Amino acid sequence: MIVSASVVPPHVLSDDAIRRLLIERVDERRLSVGMVVGVTEGNGHRIVAHGHRDTSGADPVTEKTVFEIGSITKLFTALLLSDMANRGEVWMDEPVAELLPTETRVPVRDGKAITLRHLASHYSGLPRVATNGDSPSRPGGPYAAYSAERLYEFLAGHELNRTPGESFEYSNVGVGLLGHALVLRAGAGGYESLLRARILDPLRMDDTGIAIPSRLAGNIASGHNDSLEPTFDWAFDALAGTGALRSTLPDLLCFVDAVCDERSSLASVIRPLMTPRDQGGLELATQHLDGVVALSKPGGTGGARAFVKCIPEWKRGVAVLSNASIDAVVDLGAHVLNPSRDLMSYPKEVAITPNCLARLVGRYQMNDWVFDVTSTGDRLHVPIADQHRVFPTSEWHFFHKSAPMQLTFEPGGDGSAARLILHYNGADQVAERIG
């Protein structure tokens, strides 16, 4: 298991301080419609919620509100692999091809096959998304119609650019393939039923799953985009193991408690997640800036963001849930556990008129890349990050809510923008207006 030098744990942020941050992020900075933060220390839980389940403002989010948790699902797929390996149903270094239908072709490079360990630890050499996948803007999300047949077609036609086991490359399709393969090996009816029997029920995570039980149907957080407009929920088919789960704050804190408790009933299943690959583990825990080893994972869908961080040495952890597709949960969670960790600075959005935006619309060139800046009503769109809308802090200054970048337009002699300056990662890049 990964170990770290002993570090005196800092004081965790108080409930009042957490509440002030949530008010700022939800009400003042408009980074979400509703957010919930939970902390566990020595198996004692504190939960703070602020905001609403949707933009009607009628129903507040609570500790029982169900959110999409996206890629946090991957941790549970890794636990499922660990459990099946413990039972002797699979072995970590078994080629995934051996779990799939016999006619399925799985790419090989340099004579090395993709193993289950490779898939869980993101060392498979597979890309982030399948080349025959759907757009995130598709109703139901990019995985709703991605069937086993499409997965097999992708594997049959894909050539690896990296040798399995050689280097890390985060792969949604890789972990989705792992979940699919484990279901086949277990002869289970589906990913959710297998996960519930092996992991969720033992951890008493009764409110976590894919299908929403009727008792929770009245307390589901609606998803929202970076403009805080309603968006559709994501659905999953063959790749459920990469991001299909929904959960509540108390359930996620049950998971955090199990990671932090060496006496947990699933301790032997959790241990490989914390263990380096060269020691037989999956190496999903890493050394963090706090000087301790932590298991942390963000998750996101088209309308939600989630984050968990577990620090076994401190016997504490945090979970953050938000019903908007704005990455405002990771820095918050890290700050709650250790207030010396800086929070990201989100500018305050202001209103400007469509006439002001008209001065900025045009074609711009940054090195060899030419792109269009467009406007719709009082909104400006710049195709630089995953979500193109940028938000004004003044008539000439804008920022992204979905990425840590800001933009400055410089006026020319005619009063229209002559260039755009992108401020990102401490560097400035200039795009000259060409039309």
For the chain, convex hull volume per residue from C-alpha positions, Å³: 155
Region 374-417-region 78-95 distance, computed between alpha-carbon centres (Å): 49
Which of E28, E159 has the fewest Cβ neighbours within 10 Å, and the rest in rising order: E159, E28
Dipole of the chain, positive end: most advanced residue of T104, G44, L253 [Cβ charges, Cα centre]: G44
Partners for K401 among aspartates and glutamates (Cα-Cα distance below 14 Å; same-chain residues under 8 apart left out): E28, D226, E229, D327, D331, E349, D386
Alpha carbon centroid spacing (whole Å) that separates region 186-253 from region 133-154: 18
Net charge dipole size for region 15-337 [Lys, Arg +1 and Asp, Glu -1 on Cβ; Debye, nearest 20]: 200
Least to most buried among Y170, Y152, Y191 (fewest other Cβ within 10 Å first): Y170, Y152, Y191
For region 295-339: span of alpha carbons on each principal axis (Å, largest first): 34, 18, 10
Most positive-pole-ward Cα, N219, H122, V26, against dipole of the chain from beta carbon charges: N219
log₁₀ of I(q)/I(0) at q = 0.15, 0.21, 0.27 Å⁻¹ - region 26-90, Debye sum with one point per alpha carbon: -0.68, -0.93, -1.11
Whole-percent pair-distance distribution, where bins are 10 Å wide, for the alpha carbons of region 354-433: 19, 60, 21, 1
Region 354-433: relative contact order as a whole-number percent, Cα under 8 Å and 6+ apart: 23
Sorted peptide list for 366-372, 312-318, criterion being average Cβ within 10 angstrom, highest first: 312-318, 366-372
Neighbour-count order for V8, V293, fewest beta carbons within 10 angstrom listed first: V8, V293
Region 112-265 - convex hull of the alpha-carbon atoms, volume per residue in Å³: 155
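Every read-out reported here was derived from the displayed coordinates using simple, explicitly stated rules and does not represent laboratory data. The model shown is predicted, which means the values in this text are computed figures rather than measured ones. Every residue, glycine as well, gets a Cβ built from its backbone with ideal geometry; the counts of neighbours run over all protein chains shown.
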